[in-house]
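Please read the structure below before turning to the comments.
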Amino acid sequence: MTESNETEKTQTFEINNAITVTDLAQRVGANPVEVIKNLMRMGIMASLNDAIDFEVASPIAQFYGYTIKLTSSESDSPQTATASDSSNESEGQEARSPVVTVLGHVDHGKTSILDALRKTTIADREAGGITQHIGAYQFSASSGNNITFLDTPGHEAFTTLRARGARVTDIAILVVSADDGVMPQTLEAIDHAKAADVPLVVAINKIDLPDADPERIKRQLSEQELLVEDWGGDVLSVEVSAKTGQGLEDLMESTLLLAEILELKANPNSLVHGTVIEAELNAQKGPLATVLIQSGTLKIGDNILVGNVWGRVRAMTNHLGEAISEAPPSTPVRVLGLPEVPQPGEILEQVETEKEAKFISAERIEKDQPSSTQPASLEQLANQIGMGEIEDVNIIIKADVQGSLEAVRGSVQKANSESARANILHSDVGSITESDVLLATASGATIMGFNSKVESAALRLANNRGIEVRNYTTIYQLIDDLNNTLKGMVSPLLEEVHQGQAEIKEIFTINKIKIAGCVVTEGVIRKDSMARIIRQKETIFEGPIMSLRHFRDEVKEVITGQECGIALTEFGEFMEGDFISTFTQEEKAR
Ligand code: GDP
């Protein structure tokens with residue numbers, strides 16, 4: 001392809017026989033996605049790197065006001081390709097269907113969209129077939145191309161699979177209700193998809209409602225740096241109604257378009273590799289596992305391994321409950337033949353012979369397979385940075401209020417060292433939740449809280465998965481720890497040691513300083529301790545003690561049963577009935 005000698009005004013350029021979609025889009029100044037869409041309208045499925053020939057490229061160029069000429073030169077022309085073109089390095093690879101998860105805020109219509117898609121596609125086209133719940137299903141758009149949907153909507157399920165080491169989803173459909181807008185879980189979903197590097201198609205749902213306002217949704221998304229096409233970005237967005245069915249075909253086609261752009265491929269002839277999506281113990285049949293086939297074609301009789309358990313495929317059914325004998329890539333299939341119920345997220349592998357399967361299984365049992373997740377503590381991260389093994393520290397930030405969140409985010413963004421940088425995967429106001437721990441597990445992140453409550457289920461999960469949750473009461477301490485980590489230095493581990501508690505009985509003001517008149521109800525209050533003000537069981541402040549008096553004397557400590565006056569450095573809004581609980585932070589041995 002050579003540059004045209006014509007002037008800009010005539011808008012003519014030359015190509016040798018063919019041009020790639022990306023190049024063509026660049027030459028005519030169009031969005032590549034637009035070009036692919038136009039090609040689809042011409043009945044041609046092409047992805048970004050596919051080359052299209054002169055006859056096809058010409059009308060597209062004309063559409064954008066350009067004329068293409070063929071050069072006479074014989075020089076190396078790109079090969080004309082079809083969508084299933086395979087390059088040398090990806091030999092045996094063939095196009096496969098996308099695997100899609102539906103994400104979004106609660107009640108925005110994730111389940112309704114899945115149900116509606118199922119009804120419009122399966123029930124109509126496949127003679128009244130009713131989908132069985134197997135955790136995933138596959139169906140065809142009107143163009144005849146298949147899409148595989150994972151049946152559990154929401155980012156928790158999405159990240160749970162990822163946390164177990166499985167990369168399953170190719171594309172996420174982000175559902176946003178047109179009458180409600182971008183909500184906290186929409187933002188969470190965006191962050192989870194970003195962390196997983198999974199591209200989004202936006203489905204603006206409920207447009208049948210009178211107060212639906214799709215433009216508002218697009219603007220709100222743009223504020224999250226998610227630019228849909230009419231906003232100058234390249235994120236595909238479709239207006240739909242799960243209720244009336246409007247736009248659902250478009251949603252499927254946009255998903256397929258994105259799949260084309262992603263050039264999803266797999267080798268149907270390799271040994272099978274898949275992921276367990278769901279599993280159960282059936283009373284009659286024994287263990288049943290729904291497996292998403294990711295490469296290879298699973299057949300009856302194949303020897304399979306899941307973790308250290310091996311078996312042989314005895315029967316397979318699809319999402320319609322029909323018996324099948326072969327499952328190619330991107331097919332969800334229910335497999336009978338494992339002796340035990342596997343865990344969702346576990347990997348299924350095919351092995352050539354039973355002997356090999358038994359051998360690998362025995363070897364794995366002996367080694368007692370390490371889990372696929374990689375919990376990351378600041379200490380481990382510091383060590384890895386010190387050794388030059390990593391350059392990014394993934395963190396999730398939770399703070400009590402918006403103001404402190406902004407402050408923490410601001411400081412974290414500045415906290416980069418020469419050797420590493422902090423990468424905020426997700427930040428939000430509120431408690432530390434299970435969803436945060438899952439995201440941390442899936443992305444090897446550390447959770448840093450600022451005055452945040454840790455939900456008990458989240459704490460259990462974090463302990464279970466070995467995820468570090470650090471909760472700070474001063475931004476300074478948080479940034480200090482992070483800076484040390486980024487420099488490859490291990491910060492000391494601080495442990496809180498409770499010392500005592502006093503109840504506030506009355507409040508005085510001396511020289512404009514508020515003093516809490518207290519009785520020590522437990523332990524001992526020391527002047528060099530940190531104090532926490534507890535009002536109706538909630539901590540409202542934490543900070544150092546400025547003065548501790550017993551009667552008129554400044555003292556070092558006051559013991560249970562004694563009266564005392566306490567003043568704090570940064571706090572004076574005491575109330576009668578508040579408790580002052582004191583503690584020290586001591587370095588703990590690692
Ligand atoms: P999910 O929590 O995101 O899975 O949301 P659901 O699918 O359960 O839907 C929440 C509510 O919104 C239900 O009452 C649905 O009937 C309703 N809903 C879902 N989609 C639409 C739609 O397109 N139009 C209207 N009017 N209501 C819808």
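The values are calculated or read from the model by the stated rules, or taken from the named source; none is laboratory data. The structure presented is a predicted model; accordingly, all values stated were derived computationally and were not measured. Reconstructed Cβ throughout: ideal geometry from the backbone, glycine too, with neighbour counts over all protein chains shown.
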Could you please find all residues in the stretch 541-574 being surrounded by 15 or more Cβ atoms within 10 Å (Cβ to Cβ) and within 42 Å of the chain's Cα centre (by Cα)? PHE541, GLU542, GLY543, PHE571
Restricting the stretch 334-351 to residues that are in contact (Cβ under 8 Å) with a residue 60 or more places away in the chain and in a strand (DSSP E or B), the one farthest from VAL99 (Cα to Cα) turns out to be VAL351
Quick count over the stretch 272-287, residues being in a loop (DSSP other than H, G, I, E, B) and charged (D, E, K, R), is 1
Condition first: assigned to a loop (DSSP other than H, G, I, E, B), within 16 Å of the ligand (Cβ to nearest atom) and modelled with pLDDT of 85 or more. Can you find one or more residues in the stretch 130-141 that meet it? no
Mind checking which residues of the stretch 177-190 are surrounded by 21 or more Cβ atoms within 10 Å (Cβ to Cβ) and over 12 Å from THR101 (Cα atoms)? SER177, ALA178, VAL182, THR186, GLU188, ILE190
Give the residue that is farthest from GLU563 (Cα to Cα), with candidates limited to residues of the stretch 492-518 that are β-branched (Val, Ile, Thr) and exposed (fewer than 15 other Cβ atoms within 10 Å of the Cβ). VAL497
Going residue by residue through the stretch 53-72, is there one that turns out to be surrounded by 14 or more Cβ atoms within 10 Å (Cβ to Cβ), modelled with pLDDT of 85 or more, under 30 Å from VAL202 (Cα atoms) and within 16 Å of the ligand (Cβ to nearest atom)? no
Could you please find all residues in the stretch 575-587 being crowded, with 18+ Cβ neighbours inside 10 Å and of a type in the set (A, V, I, L, M)? ILE580
Go through the stretch 149-176 and give me each residue that's surrounded by fewer than 24 Cβ atoms within 10 Å (Cβ to Cβ) and among the small types (Gly, Ala, Ser). GLY154, ALA157, ALA163, GLY165, ALA166
Of the residues in the stretch 228-253, how many are more than 16 Å from the ligand (Cβ to nearest atom) and under 20 Å from ALA136 (Cα atoms)? 1
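For (1) modelled with pLDDT of 95 or more; (2) within 14 Å of the ligand (Cβ to nearest atom), each residue gets a yes or a no:
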position: VAL168; (1), (2): no, no
position: LEU187; (1), (2): no, no
position: ALA195; (1), (2): no, no
position: VAL198; (1), (2): no, no
position: VAL201; (1), (2): yes, no
position: LYS206; (1), (2): yes, yes
position: LEU209; (1), (2): yes, yes
Please state which of the following conditions VAL393 fails to meet, knowing it meets all the rest: (1) under 30 Å from VAL106 (Cα atoms); (2) crowded, with 23+ Cβ neighbours inside 10 Å. (1)
If only one of THR244, THR255, THR297 is of a type in the set (Val, Ile, Thr) and not assigned by TED's automatic domain parsing to the domain that holds SER177, which one is it? THR297
Here is a check on your reading of the model: is ASP151 at pLDDT below 85, within 30 Å of ASP180 (Cα to Cα) and of a type in the set (Asp, Glu)? yes
Selection from the stretch 95-119 of residues that are under 14 Å from PHE149 (Cα atoms), within 6 Å of the ligand (Cβ to nearest atom) and within 21 Å of the chain's Cα centre (by Cα): LYS110, THR111
